[in-house]
Amino acid sequence: MNVELTLETELNLALRLTVGLVLGAIIGFERELHRQPAGFRTHSLVSLGAALFTVVSAFGFGGVMVDPTRIAAQIVSGIGFIGAGTILQYRGHIRGLTTAASLWSVAAIGTAAGAGLFVVATIGTVLILVVLTILDHVEGYAARRLRLPPAGFKLPGEDQPHDGKSEDMP
């Protein structure tokens, strides 16, 4: 059974979706600038999807036996499958873990926006950007100062131009 919503409530819900999309896009843009496998569009869609699931969970179903937290709980575990797809392991090195964590985080941002927690979602976005940008510089500085070897690895064929197509696709 759907709950009857006023136009004002529906506009508020549309605002929640938009905030979720925009905040996810901001984080995705940062990932895009660093040429990560999940960038602008992926982060935007994850955050928007989490906001949409949250709105539907809270407002789409009515009744006494409805628990709106059940869908939010499934967002947390479901996003793990998408994040796992961004993690690569090659010869003992792991790549994409930060991108997977940022996808998990934008799902939380979208969930907060979908719940109408705009300040929490915005502060969360700022903090995620601090971790992804400022702490990246701190990490680089520390590595140079301590003369640590470069982290990471290149997959076979990464030094060649990549056209975005799979190797088995024409």
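Just so it is clear, none of the values below were taken in a lab; they were calculated from the coordinates. As the structure is a computational prediction, the values presented were derived from the model and not from experiment.
What is the range 38-80 by shape, rounded, prolate or oblate, if you read a ≥ b ≥ c off the alpha carbon gyration tensor as root eigenvalues and call it rounded for a/c under 1.5, prolate for a/b larger than b/c, and oblate otherwise? Judged from the Cα gyration tensor, the range 38-80 comes out oblate (a/c at least 1.5, b/c at or above a/b).
Assign one of three labels to the range 1-109, namely rounded, prolate or oblate, based on the Cα gyration tensor with a ≥ b ≥ c the square roots of its eigenvalues; rounded applies when a/c is under 1.5, prolate when it is not and a/b is larger than b/c, and oblate otherwise.
Details: a/c = 4.73, a/b = 1.88, b/c = 2.51.
In terms of gyration-tensor shape, oblate.
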